[in-house]
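Each remark here refers to the structure printed beneath this line.
Laboratory data are not the source of any read-out in this text; all were calculated from the coordinates shown. Values in this document were obtained by computation on a predicted structure and should not be read as measured data. With ideal geometry, Cβ positions are generated from the backbone for all residues, glycine too; neighbour counts draw on all protein chains shown.
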Amino acid sequence: MIDPTALEPVSGHPFGTALNEHQFHRHVEDLLSLPELMSSRHRTHHFDLSEYDHLVSVARTAHRLSRYVKADARVCARAGLLHDLGAHWFNTLAPCTLALRLQESPGVCHAIKAHTLLPELPRTREAWVIIAADLLTSAQECRFVLRRTRDRAGYRLREDIARRRKLLHRFAGGRVAGVTRFGRNTRRRLIGLPITRAIRRVAGA
Ligand SMILES: [Fe+2]
Ligand SMILES: [Fe+2]
């Protein structure tokens, strides 16, 4: 599981105010041990992120947003945690059935049902909060995955540079001791070359 704060809006965002952790936990305490929620850790939702991560992030964001629009924080947090449980895309049947079985309030059931704008439109503040939190979280998930992809590419490049340095040292002997002393542009040019040509260039062949 990823750190839930990794999917939260960056600081400086209008909704970047810290979550009231204590109150949030009090509002969703009983749901956190739900077997259905536990099993959502093993299902992917957006990209390769788990359904559990999405639900927790939406619930946390919804809880924070509720303060700005004077919506019921408890309803927002609970609806956020259940809104996609066992479902994907525009299917709200499974989470609605679960919410009814758990005897959630009509406000929670409506927010879950209306979060896809189909089959019914949102009629309450809490339902709008879930829609906004779902959109914000999905955008944050895109950002998270893009950043992770970029970081991995950067890591591969660094690994490649280290490997090339090692090979240059091995094949070109003493002359390559200067590799680390080369200017940044020279290093860049060497890195961009196929390894055999780089060796020839450094060895002066
Ligand atoms: Fe959904
Ligand atoms: Fe969602």
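A few comments on the model shown:
- Neighbours of residue 78, meaning other residues whose beta-carbon lies under 11 angstrom from its beta-carbon, give a summed charge of -4 when Lys and Arg score +1 and Asp and Glu score -1.
- Normalising the Debye intensity of the stretch 105-173 to I(0), with uniform scatterers on Cα atoms only, and taking log10 at q = 0.11, 0.19, 0.25, 0.26 Å⁻¹ returns -0.51, -0.78, -0.97, -1.01.
- Rounded to two decimals, the Cα-based Rg/Rh of the stretch 41-119, with Kirkwood Rh, is 0.96.
- The ranking of 70, 113, 166 from fewest to most other beta carbons within 10 Å of each one's beta carbon is 70, 166, 113.
- Counting all C-alpha pairs of the stretch 4-145, share separated by more than 17 Å (%): 54
- Its alpha carbons considered, the stretch 61-178 gives a radius of gyration followed by a Dmax of 24.4, 77 Å.
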